[in-house]
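**Q** This is the structure, below, for whatever I ask next.
The values are calculated or read from the model by the stated rules, or taken from the named source; none is laboratory data. Note that the structure is a prediction, hence the values are computed from the model and not measured. Cβ placement follows ideal geometry from the backbone for every residue including glycine, while neighbour counts extend to all protein chains displayed.
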Amino acid sequence: MRWPAIVLALLVVVLQYPLWIGKGGWLRVWEVEQQLAAQRDGNHKLEQRNTGLEAEVRDLKSGYEAVEERARFELGLTKPDEIFVQTPPAK
């Protein structure tokens, strides 16, 4: 009576191995789902960045206000008859 129980237990273990640890097992599925969630988060951040860049490109193409603003703040350019005053940051 003991042999059939041992054989059946071994058979169950052998049949359960691919389900839990094999190539398409639950552990592998869980790992891939974690990777998918991380990739989706990264994609969402990149989509937000791209949206901001698209808006900036539209602003630069549509009018001179964005170009003038960039020239003033990034390059320090001024219009004729303007005086540029720079104050040092407070300590």
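**Q** Taking the stretch 34-83, which residues are in contact with a Leu (Cβ under 9 Å, 6 or more places away or on another chain) and of a type in the set (A, V, I, L, M, F, W, C)?
**A** First pass over the stretch 34-83, keeping only residues in contact with a Leu (Cβ under 9 Å, 6 or more places away or on another chain): 66-68, 70-71.
Those that are in contact with a Leu (Cβ under 9 Å, 6 or more places away or on another chain) and of a type in the set (A, V, I, L, M, F, W, C): ALA66, VAL67, ALA71.
**Q** From the residues in the stretch 52-91 that are in a loop (DSSP other than H, G, I, E, B) and of a type in the set (Lys, Arg), which one is farthest from the chain's Cα centre (by Cα)? Break it down into steps so the answer makes sense when it comes.
**A** Looking only at the stretch 52-91, we keep the residues that are in a loop (DSSP other than H, G, I, E, B), and these are 63, 76-91.
Next, only the ones that are of a type in the set (Lys, Arg) stay: 79, 91.
Values: LYS79: 41, LYS91: 37 Å.
Top of the filtered list is LYS79.
Yes or no, residue by residue, for (1) at pLDDT below 85; (2) surrounded by 10 or more Cβ atoms within 10 Å (Cβ to Cβ); (3) out of contact with any Phe, Trp or Tyr (no Cβ under 8 Å at 6 or more places or on another chain):
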| site | (1), (2), (3) |
| --- | --- |
| TRP3 | no, no, yes |
| GLY22 | yes, yes, yes |
| GLY63 | yes, yes, yes |
| VAL67 | yes, yes, yes |
| GLU82 | yes, no, yes |
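**Q** A further question follows. Does ALA55 qualify as being at pLDDT 85 or above and surrounded by 10 or more Cβ atoms within 10 Å (Cβ to Cβ)? Can you show your working first?
**A** Details: at pLDDT 85 or above: yes; surrounded by 10 or more Cβ atoms within 10 Å (Cβ to Cβ): yes.
Answer is yes for this residue.
**Q** Any residue in the stretch 71-86 that is more than 20 Å from ASP59 (Cβ to Cβ) sitting within a Cβ distance under 6 Å of a residue that is among the hydroxyl-bearing types (Ser, Thr, Tyr) and assigned to a loop (DSSP other than H, G, I, E, B)? List the pairs, counting only those 6 or more apart or interchain.
**A** Close Cβ pairs (under 6 Å, with a partner that is among the hydroxyl-bearing types (Ser, Thr, Tyr) and assigned to a loop (DSSP other than H, G, I, E, B)) amount to PHE84/THR78.
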